[in-house]
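The structure appears below as structure tokens.
The values are calculated or read from the model by the stated rules, or taken from the named source; none is laboratory data. On a predicted model such as this, the values are computed, not experimentally measured, just so you know. For neighbour counting, all protein chains shown are included, and Cβ atoms are generated from backbone atoms with ideal geometry for every residue, glycine included. Quick note on the areas: whole protein, heavy atoms, side chains included, nothing else; ligands and nucleic acids left out. Shrake-Rupley method; radii C 1.70, N 1.55, O 1.52, S 1.80 Å.
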Amino acid sequence: MEPSIATSIGQIQLDKPVMLASGILGISLDVFNRLYASGAGAVVTKSLSTAPWEGYPNPTIFSVGGGGWINAVGLSNPGASNFAKMIEPNQAVPIIVSLVGSVPEDFEDMIKEFKNCKVKAYELNLSCPHVAKVGLEVGDDPGLVKAIVSTVKKSTNVPVIAKVGLGTSTYLNTVSNAVDSGIDAITAINTVRAMAIDVETKRPILSNKFGGLSGTPIKPIALRCVYEISSKYDIPIIGCGGVSTWEDAVEFFLAGASAVQLGSAIGDNWVGVFDDINKGILEYMKRNNYATIKDMVGLAKKS
């Protein structure tokens, strides 16, 4: 029998295990349709706020080589209300809506905007490393994490995911507080706070000076985090950080993730990367006699 690359992250059912991560190509329904047709199991939107955000001035993204990028876009987005109107016609694409805010009421208000939209899940951005008063500053506040997750869970029947990252406190505390408050799944991790300096101008390259490092350089860190979370908590996990090949995806499965997200890999490989990774996973499963993704999840912890 042919193996199946369909997967489940708690209540979230996907035909394919590789998703678009939040932050890249996540703002247009036309693009979502193209990504889905190219093999993405789901698409995660750019993080949306209660009102439109302009973000930072250019330069906002810089390639550090070796599949790595530093970005400080500043969470630019059209706002939840405008975005909800744009995706309302969608019926086919599994869309996970990423939300960012400072207080529980922000998230509650935004969820109301999507009442007429087909939303697969909400992903709470508790980990953006380069915008003040949201992201990591929220994720590092235990009381705020609990309040936000509890409020969101009361506001919707749709599954809720918390995206965690490496802040000033132990990221496992963020996971613990989210789990205690009823979160349905965890995405690990977000970009890692970083910077680059131009040796000729002797100035930071990004307009915001600091940004988030993504891509190949952070994969070992993300993999370690997924392994740690899956070892400590009984919670579905989505691996994110440096996925660009089927081997990367399988590593995350073995560490305890049930699905993966990618973003930076599109910069080097464009949208064909989804189908390439899906095919590689399927061939690996055939060689190892795995019938489902679940057969691989967490195996590295048993060796």
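Brief remarks on what is shown
- Residue 63 passes every criterion in (1) in contact (Cβ under 8 Å) with a residue 24 or more places away in the chain; (2) farther than 30 Å from residue 147 by Cα; (3) open to solvent by 70 Å² or more (accessible area, probe 1.4 Å); (4) not aliphatic (A, V, I, L, M) apart from (3).
- Boolean, residue 149 is open to solvent by less than 40 Å² (accessible area, probe 1.4 Å) and either part of a helix (DSSP H, G or I) or of a type in the set (Ser, Thr, Tyr) (or both): yes
- Residues within segment 81-102 that are among the aliphatic types (A, V, I, L, M) and either modelled with pLDDT under 95 or over 17 Å from residue 126 (Cα atoms) (or both), tallied: 6
- Some residue of segment 186-200 being surrounded by fewer than 18 Cβ atoms within 10 Å (Cβ to Cβ) and within 19 Å of residue 103 (Cα to Cα): no
- Restricting segment 227-249 to residues that are hydroxyl-bearing (Ser, Thr, Tyr) and closer than 24 Å to residue 277 by Cα leaves a set whose member that is most open to solvent (accessible area, probe 1.4 Å) is 227.
- Residues that are part of a strand (DSSP E or B) and of a type outside the set (S, T, N, Q) were ranked within segment 117-146; the one that is farthest from residue 174 (Cα to Cα) is 121.
- Evaluation of residue 224 against (1) within 20 Å of residue 66 (Cβ to Cβ); (2) open to solvent by less than 60 Å² (accessible area, probe 1.4 Å); (3) at pLDDT 95 or above (one fails), failing number: (2)
- The condition of being more than 14 Å from residue 7 (Cβ to Cβ) and assigned to a strand (DSSP E or B) holds for only one of 212, 280, 242, 267, that being 212.
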